[in-house]
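The values are calculated or read from the model by the stated rules, or taken from the named source; none is laboratory data. Fair warning: this is a prediction, and the values are worked out from it, not measured in the lab. Please note: Cβ atoms are built from the backbone with ideal geometry, for glycine as well, and neighbour counts cover all protein chains shown.
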């Protein structure tokens with residue numbers, strides 16, 4: 001999973017709309033962040049809503 005922060009309000013709204021239309025799992029965070037899968041990240045990059053480089057950071061895996 002990748003964490004993406006979109007600071008532009010219009011781009012954030014477009015990204016949410018696109019993710020809702022596609023379905024699938026994603027998570028929102030209070031600071032305009034989205035936790036999305038690699039396919040969703042690629043789609044948002046193709047739509048121009050997330051930069052192609054340095055647009056996402058991988059979350060650390062929690063070990064039990």
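Within segment 5-35, count every residue that is closer than 17 Å to residue 52 by Cα and either loosely packed, with under 10 Cβ neighbours inside 10 Å or in contact with a helix residue (DSSP H, G or I) (Cβ under 7 Å, 6 or more places away or on another chain) (or both). So the answer is 4.
Looking across segment 36-50 at every residue that is surrounded by fewer than 16 Cβ atoms within 10 Å (Cβ to Cβ), out of contact with any helix residue (DSSP H, G or I) (no Cβ under 7 Å at 6 or more places or on another chain) and in contact (Cβ under 8 Å) with a residue 24 or more places away in the chain, the one that is nearest to residue 1 (Cα to Cα) is identified as 37.
Does residue 56 count as at pLDDT below 70, within 11 Å of the chain's Cα centre (by Cα) and closer than 14 Å to residue 3 by Cα? So residue 56 passes the test.
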